[in-house]
Amino acid sequence: MKMAVSTTVNGDPRAFLCEPGETLLEALRGTLGLTGAKEGCGTGDCGACTVMLDGEMVCSCLVLAPEAEGRRVETIEGVAEGSDLHPVQRQFLEHGALQCGFCTPGFIVAAKALLERDPDPSEHDLRYWLAGNLCRCTGYDKIVRAVQDAAAEMRQQARGDAA
Amino acid sequence: MSTMTFHAPATVAEACALLAAEPGARVLAGGTDLIVQMRSGRIAPAAVIDLKRIGALSGVREQAGGFVIGAATRCTALKEHAALAAAHPGVVEAANLIGSVQVRNRATVAGNLCNASPAADSVPAMIAAGAVALIAGPQGARELPVEHLPQSPGRTALAPGEFVTAIRLPGKAAHSSDAYQRLTPRTEMDIAIVGVGAAITLAGDGSCAAARIALGAVGPVAVLAEAAGAALVGTRFEAAALDRMAEAVQAVCKPIDDKRGSAAYRTAMAAVLARRVVQIARERAGEA
Ligand SMILES: Cc1cc2nc3c(=O)[nH]c(=O)nc-3n(C[C@H](O)[C@H](O)[C@H](O)COP(=O)(O)OP(=O)(O)OC[C@H]3O[C@@H](n4cnc5c(N)ncnc54)[C@H](O)[C@@H]3O)c2cc1C
Ligand code: FES
Ligand code: FES
């Protein structure tokens, strides 16, 4: 029997029906039409399905859709503000930190979560934080540089705002 | 899967009633093992009972001089609890070796224990630290030391209808601390081929007053190596005492031989890691 779930997705209240055993990733990509999060593995290994659930990053392939009841879900679709890209998104483009792009939504959601908690992570901390995101094309160096430059840009922006 | 039902009870009593009513039900904590097993078709529960809406099972409480970790508490929350991290750094570091940040934001130590994998990282650390599982069930509540819960890979000592509500750890003790290390072929996101936890208490003169050493991934379930701990008690961690400890560790290793590590390698490395974690726990205990 289908279950009714009420949740908030990228700030908007969303209600949907799902099977009890359906994953949040399936509900997002199917019923809700948000295809940014990807299924790379379905087993928690690749991070392509990374979303924020009540402010913590999780693999949406390992969350059952009914678990989202009353929770806040944030996906890659909510990262840019209108046509204004987030600094992490812009730096991924600048650095060419993607090829096929399949892993990119997960990396961007995860990197943004890190920079919101630690504006100036060491390369070591950054690489560990992103250990749950796999990329089969680019190699990780460009991704790491892109996140570091986004961090610098965001710090500068924060200083500008404070001044 | 289409006939499966999903429940999110608000109390332990409700969860107990649901589990009792449906023998094919499974408890859901972080889902990082359960959902993988459901998706692969290895298990097909008739009902899934989510523990995360039970307020009493979320978070860490300091209670009667100890710590009570609710069964729905994610591993990353253990790091954020300063008093727990100070009292049991080994348990907290073991729980935060599990998977990635995404996985640890969901995974629980109770789930790590109840999944009963021989390589579960937090289990040897909890055994060394003297952790006890608090259990609810149709016959009422009971307690079981963590080392008695896993019975064989994937099987626990929980009776039908029972589930773990919390893990209790002793409070902060003077000159006492712990440590956990594992060996994996990769740095992150890999399964331990051996894991060792140690908890050490020092006497006023720096000698060893108590020691508990537990091993993972070198047998069907994690084990408390009692003789290894006993080999250190009363000593000042002299080379001969550490050698006896390492021999006792190797004596209880009954590892499998597979592509990830031969039995001989796992056994040799168990002794190496045991020496390291004893040293780290001892240093931490000296500062504690
Ligand atoms: C990508 C990835 C990497 C991983 N890496 C590691 C690793 O490095 N080390 C490691 O040890 N593990 C690892 N795991 C396995 C898993 O994350 C851990 O075992 C985790 O601690 C399980 O906890 P959970 O809360 O998610 O359990 P769940 O998946 O919710 O439950 C696991 C099992 O225990 C039962 N259960 C859960 N809670 C209770 C309870 N309170 N009472 C009774 N039964 C219960 C469930 O019914 C189920 O059978 C990894 C998993 C993934 C997906
Ligand atoms: S699809 Fe979720 S981690 Fe790979
Ligand atoms: S760009 Fe193709 S997987 Fe990362």
Name the residue, out of A:13, A:20, that is open to solvent by 50 Å² or more (accessible area, probe 1.4 Å) and farther than 24 Å from residue A:115 by Cα. A:13
Checked pairs for the range B:256-280, first under 17 Å from residue B:94 (Cβ atoms), second open to solvent by 60 Å² or more (accessible area, probe 1.4 Å), C-beta under 8 Å and 6 or more apart or across chains, list as B:270/B:250
Residues that are within 16 Å of ligand 1 (Cβ to nearest atom), among the polar types (S, T, N, Q) and not assigned by TED's automatic domain parsing to the domain that holds residue A:105: list the strands (runs of 3 or more DSSP E) wholly contained in the range A:1-80 that include at least 1 such residues. A:50-53
Can you find a residue in the range B:91-106 that is open to solvent by 10 Å² or more (accessible area, probe 1.4 Å), modelled with pLDDT of 95 or more and touching a Pro at 6+ places or on another chain (Cβ under 9 Å)? no
Just name the residue that is nearest to the chain's Cα centre (by Cα) out of those in the range A:80-122 that are buried (at least 19 other Cβ atoms within 10 Å of the Cβ) and among the aromatic types (Phe, Trp, Tyr). A:107
Restricting attention to the range B:16-44, report how many residues are outside any helix (DSSP H, G or I) and either among the hydrophobic types (A, V, I, L, M, F, W, C) or assigned by TED's automatic domain parsing to the domain that holds residue B:72 (or both). 6
Determine which member of the set B:140, B:204 is in a loop (DSSP other than H, G, I, E, B), away from ligand 1 (no atom under 13 Å from the Cβ) and either assigned by TED's automatic domain parsing to the domain that holds residue B:274 or open to solvent by less than 10 Å² (accessible area, probe 1.4 Å) (or both). B:204
Quick count over the range B:229-288, residues being hydrophobic (A, V, I, L, M, F, W, C) and assigned to a loop (DSSP other than H, G, I, E, B), is 7
Among residues of the range A:9-48 being more than 16 Å from ligand 3 (Cβ to nearest atom) and on the phi > 0 side of the Ramachandran plot, the residue farthest from the other protein chains (Cβ to nearest Cβ) is A:33
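The values are calculated or read from the model by the stated rules, or taken from the named source; none is laboratory data. Note that the structure is a prediction, hence the values are computed from the model and not measured. Cβ atoms come from the backbone with ideal geometry, glycine included; neighbour counts cover every protein chain shown. Each accessible area value is taken on the protein alone, full model and side chains, heavy atoms only, with ligands, DNA and RNA left out. Shrake-Rupley method; radii C 1.70, N 1.55, O 1.52, S 1.80 Å.
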